[in-house]
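First comes the structure, then the notes that go with it.
The values are calculated or read from the model by the stated rules, or taken from the named source; none is laboratory data. Small disclaimer: the values here were computed from a predicted structure and weren't measured. Here Cβ is always computed from backbone atoms with ideal geometry, including for glycine, and neighbour counts include all displayed protein chains.
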2 protein chains.
Amino acid sequence: MPLSQDAIAAITAAVDAQFEDQVDFLQDIVRAPSLRGEEAGVQGIVEKALKGRGYDVETYPLDVAVLKDHPAYSPATIDYADTFNVAGRKTPATSSGRSLILNAHVDVVPTANPDFWTHPPFSATRVGDWLYGRGAGDMKAGLTANLFAVDAIEAAGFRLQAPLEVQSVIDEEVTGNGTAAAIQRGARADAVLIPEPTDEELTYANSGVIKFRITVQGVPAHPREPDSGLSAIEAAFLVIKELRGLEARWNAERLDHAGFDKLSNPASMNIGTISGGEWQSSIPFECTFEGRIGFYPGDRPEDRMAAFEQALNGLGSLDPRLEKANPRLEWTGTCQAGYRLAEGTDAEKLLAAAHGAVAGTSLQRSIMACYLDAALYMNHCGIPSLTYGPLSKNIHGIDECVSLPSLKRVTKTIALFTAGWCGIAPE
Amino acid sequence: MPLSQDAIAAITAAVDAQFEDQVDFLQDIVRAPSLRGEEAGVQGIVEKALKGRGYDVETYPLDVAVLKDHPAYSPATIDYADTFNVAGRKTPATSSGRSLILNAHVDVVPTANPDFWTHPPFSATRVGDWLYGRGAGDMKAGLTANLFAVDAIEAAGFRLQAPLEVQSVIDEEVTGNGTAAAIQRGARADAVLIPEPTDEELTYANSGVIKFRITVQGVPAHPREPDSGLSAIEAAFLVIKELRGLEARWNAERLDHAGFDKLSNPASMNIGTISGGEWQSSIPFECTFEGRIGFYPGDRPEDRMAAFEQALNGLGSLDPRLEKANPRLEWTGTCQAGYRLAEGTDAEKLLAAAHGAVAGTSLQRSIMACYLDAALYMNHCGIPSLTYGPLSKNIHGIDECVSLPSLKRVTKTIALFTAGWCGIAPE
């Protein structure tokens with residue numbers, strides 16, 4: 001049901017009218033540092049915001065014992081003892097439209113050395129058109145867009161005609177288990193929208209991702225007998241170098257995957273952490289590194305995990321120095337397939353129309369070669385899922401920031417999409 | 001004054017007679033884990049042992065404020081709050097011989113993963129001729145040799161004719177500041193003997209050593225934009241690779257240094273620890289590694305430190321990827337010159353005679369390309385210093401152990417050397 005021009009004007013005007021409140025709220029939630037495991041503070045703010053808006057609010061912990069057999073589950077590394085998911089629901093007495101889930105995650109990645117930030121990473125400093133802070137782009141701005149989009153519809157005098165669930169989930173950055181828990185508890189809808197920072201493009205596909213921890217061994221020796229030992233740090237370097245060969249082979253497969261063939265490095269093996277040795281003048285005995293590697297929609301993660309493990313166990317034949325390295329592999333974090341949203345879905349058409357009405361441009365489709373919670377709704381529930389959000393810079397980096405004009409446009413687009421998807425009626 | 005055959009027989013018989021007590025004591029002190037900073041427990045045992053033997057015992061803390069301007073000082077990284085040096089002195093009413101310092105350090109390096117040890121690293125398990133444990137060889141066996149050598153002289157009915165100081169020092173493994181503190185407080189003698197695990201050879205030279213910590217930077221980025229970042233872990237790998245070039249150049253100089261020319265890797269740059277990144281799926285922003293590199297007796301550490309710093313700062317011209325790596329260098333631990341004991345000293349001649357009397361072989365001279373506390377007495381006090389101790393295996397490694405028959409021989413050799421050097425008279 002297309003929106004009238006009057007409805008479009010009223011809803012977008014309402015986004016404009018409340019935008020300073022939206023930025024204030026964004027600053028509030030950026031200032032609640034929500035590193036993995038520490039999301040309770042920001043979730044409390046979101047819970048209160050939903051209750052204040054008249055949602056039926058449910059909060060619930062993640063129970064690994066229940067969750068671990070669900071296919072959307074990935075191996076957790078940081079426990080869920082002190083944190084929880086939040087869901088806010090609005091359900092009309094009778095439904096004439098299509099139901100919708102608006103999802104956002106609240107966990108953020110570490111800041112790296114805060115001394116290198118122009119503004120302290122949790123200060124939520126506003127400079128001109130940009131709001132700075134860890135999580136500003138990824139993805140607390142998107143969370144405010146979800147909330148204030150619905151606010152704008154209501155402020156414009158309309159009521160949604162189909163069930164809406166606003167989800168504020170934890171642990172997207174390690175595993176995706178926040179959204180997995182929502183799915184396990186039964187969250188379903190006719191579409192899902194997740195305003196990750198996509199620079200106002202529609203992410204129509206992502207990569208599958210597996211995350212690993214590898215510990216290699218050296219043979220310790222005293223520096224006066226350097227030839228008697230093998231350094232675990234050197235062994236780690238050699239293992240990583242050889243795994244770059246696997247990455248190159250996986251990258252070479254991109255030619256068989258439309259869209260991915262345009263990316264230079266879709267597999268993108270990132271070594272994110274390393275820790276080895278314990279003494280300056282001892283040859284290090286163990287070295288552990290953690291990372292992630294990607295693959296293509298349609299690939300089964302278990303097949304990629306098996307191939308990765310096989311490659312790791314075969315390194316001794318590539319480099320005899322690695323015969324004693326004895327690599328020990330653990331899966332730690334996301335182990336999920338990628339997705340691809342078919343062209344021509346109703347959801348995408350409606351989003352493109354809303355985007356066009358607001359931005360005056362056609363909606364660009366692009367790929368993100370990383371894990372996205374949309375993958376869980378696409379792959380495990382068959383729900384068309386739109387990842388679409390504001391322009392940001394330096395996500396996961398120093399001086400992360402989000403464009404406020406872009407956030408305003410995205411909030412309008414989400415409002416128009418939500419109104420059009422669920423249907424609206426006057427209050 | 002050569003010892004009589006009767007004196008030799010009586011002293012060595014006394015070592016035999018008390019040897020099971022010596023092994024018991026060695027087990028006691030191996031079972032007192034004395035990682036750097038945690039030496040107080042074992043020092044308490046040594047203090048009690050010295051007092052029980054009638055030494056004048058002094059214990060004293062290391063005061064960096066006092067010590068830091070002494071040339072024997074090296075930059076400390078672990079504080080000295082809860083630990084102390086122990087000295088035990090025996091001073092005859094009148095002295096007719098030459099004074100002697102018997103020195104040993106009690107700090108030990110970490111165990112690496114204890115699961116890989118055949119016996120728990122602080123269990124001091126005796127299996128046949130070997131005693132296993134972290135510190136068994138390096139160098140708690142040597143400490144018992146010092147103590148029980150003097151015991152044997154006394155048990156044989158003799159009294160030393162010159163001042164003797166038995167030193168039990170901390171922090172040889174990071175800096176050498178335990179011995180530096182003894183020197184700063186005025187410890188001097190006509191010779192020093194340190195029973196490091198030298199496999200019953202005389203270490204006549206060692207390498208100078210500098211120890212460093214280097215932090216390199218990357219440029220963080222999200223995995224979906226892999227080309228936008230530089231991984232600090234990759235940067236660390238590249239920096240280490242380039243520093244191997246410096247190591248090769250320093251190794252090439254060995255041809256100008258007699259004795260060192262026989263070693264394959266006298267510079268021996270060891271990268272002992274590494275730590276970088278904080279998130280599997282973020283490109284790491286900082287990576288820190290620690291290590292040591294050696295050079296030759298006669299070289300000034302400050303010149304080598306300057307050359308090292310210059311090489312580090314010039315890496316961007318060797319590899320443009322390192323232009324942004326911005327390596328930050330700290331000196332953390334030993335920064336000391338090497339030493340070379342001239343041939344033909346009275347001390348060496350007497351040690352060779354004692355060794356010959358006990359072992360029946362000629363004393364071999366060899367080099368240790370690592371830091372030794374003897375360097376401080378040689379370079380800062382001009383005292384001839386003998387590093388000579390028992391056969392051991394796997395020092396700084398897994399399953400460190402010391403040979404008990406070798407320890408018995410070394411104890412006899414030290415007893416005969418001490419008796420000959422200081423002179424003895426009947427009680």
Q) Going through the stretch B:254-281 one residue at a time, which ones are among the aliphatic types (A, V, I, L, M), crowded, with 23+ Cβ neighbours inside 10 Å and more than 7 Å from chain A (Cβ to nearest Cβ)? A) B:267
Q. Any idea how many residues of the stretch B:302-319 are surrounded by 20 or more Cβ atoms within 10 Å (Cβ to Cβ) and closer than 14 Å to residue B:331 by Cα?
A. 3
Q. Condition test on residue A:325, is it of a type in the set (A, V, I, L, M), more than 30 Å from residue A:386 (Cβ to Cβ) and in a helix (DSSP H, G or I)?
A. no
**Q.** Selection within the stretch A:374-427 - touching a Lys or Arg at 6+ places or on another chain (Cβ under 8 Å) and at positive phi
**A.** A:399, A:423
**Q.** Test result for residue B:331, assigned by TED's automatic domain parsing to the domain that holds residue B:306 and not polar (S, T, N, Q)
**A.** yes
Q | Leading residue by the ranking (surrounded by the fewest Cβ atoms within 10 Å (Cβ to Cβ)) among those in the stretch B:288-297 that are at the interface with chain A (Cβ under 7 Å from one of its Cβ atoms) and closer than 19 Å to residue B:217 by Cβ | A | B:290
Q. All but one of (1) under 26 Å from residue A:262 (Cα atoms); (2) not assigned by TED's automatic domain parsing to the domain that holds residue A:291 hold for residue A:350; which doesn't?
A. (1)
(Q) Which of the strands (runs of 3 or more DSSP E) found entirely inside the stretch A:150-269 contain at least 1 residues meeting this: at pLDDT 95 or above and among the acidic types (Asp, Glu)? (A) A:164-169
Q.
Go through the stretch A:1-30 and report how many residues are in contact with a helix residue (DSSP H, G or I) (Cβ under 8 Å, 6 or more places away or on another chain), under 16 Å from residue A:160 (Cα atoms) and surrounded by fewer than 17 Cβ atoms within 10 Å (Cβ to Cβ).
A. 2
Q) Among (1) in a strand (DSSP E or B); (2) in contact with a Leu (Cβ under 9 Å, 6 or more places away or on another chain), which single condition is residue A:311 missing? A) (1)
Q) Just wondering, is there one or more residues in the stretch B:158-175 that are within 14 Å of another protein chain (Cβ to nearest Cβ), under 19 Å from residue B:415 (Cβ atoms), within 24 Å of the chain's Cα centre (by Cα) and in contact (Cβ under 8 Å) with a residue 24 or more places away in the chain? A) no
Q. Do you know which residues across the stretch B:31-72 are of a type in the set (A, V, I, L, M) and either farther than 27 Å from residue B:149 by Cβ or surrounded by fewer than 20 Cβ atoms within 10 Å (Cβ to Cβ) (or both)?
A. B:35, B:40, B:45, B:57, B:64, B:65, B:66, B:67
Q: For the stretch B:300-321, name all the residues that are among the polar types (S, T, N, Q) and touching a strand residue (DSSP E or B) at 6+ places or on another chain (Cβ under 9 Å).
A: B:313
Q. Restricting attention to the stretch B:29-73, which residues are touching a Gly at 6+ places or on another chain (Cβ under 6 Å) and not β-branched (Val, Ile, Thr)?
A. B:32, B:50, B:55
**Q.** Only one of B:369, B:357, B:374 that is surrounded by fewer than 24 Cβ atoms within 10 Å (Cβ to Cβ), farther than 30 Å from residue B:218 by Cα and of a type in the set (A, V, I, L, M)
**A.** B:357
Q. Which of (1) within 30 Å of residue A:357 (Cα to Cα); (2) in a helix (DSSP H, G or I) is the odd one out, the single condition residue A:51 does not satisfy?
A. (1)
Q) Tell me, which residue of the stretch A:320-354 that is more than 30 Å from residue A:419 (Cβ to Cβ) and hydrophobic (A, V, I, L, M, F, W, C) is surrounded by the fewest Cβ atoms within 10 Å (Cβ to Cβ)? A) A:329
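Matching residues to (1) under 27 Å from residue B:290 (Cα atoms); (2) free of Cβ contacts under 8 Å to residues at least 60 places away in the same chain; (3) touching a Lys or Arg at 6+ places or on another chain (Cβ under 7 Å); (4) more than 7 Å from chain B (Cβ to nearest Cβ):
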position: A:237; (1), (2), (3), (4): yes, yes, no, no
position: A:241; (1), (2), (3), (4): yes, yes, no, yes
position: A:283; (1), (2), (3), (4): yes, no, no, no
position: A:303; (1), (2), (3), (4): no, yes, no, yes
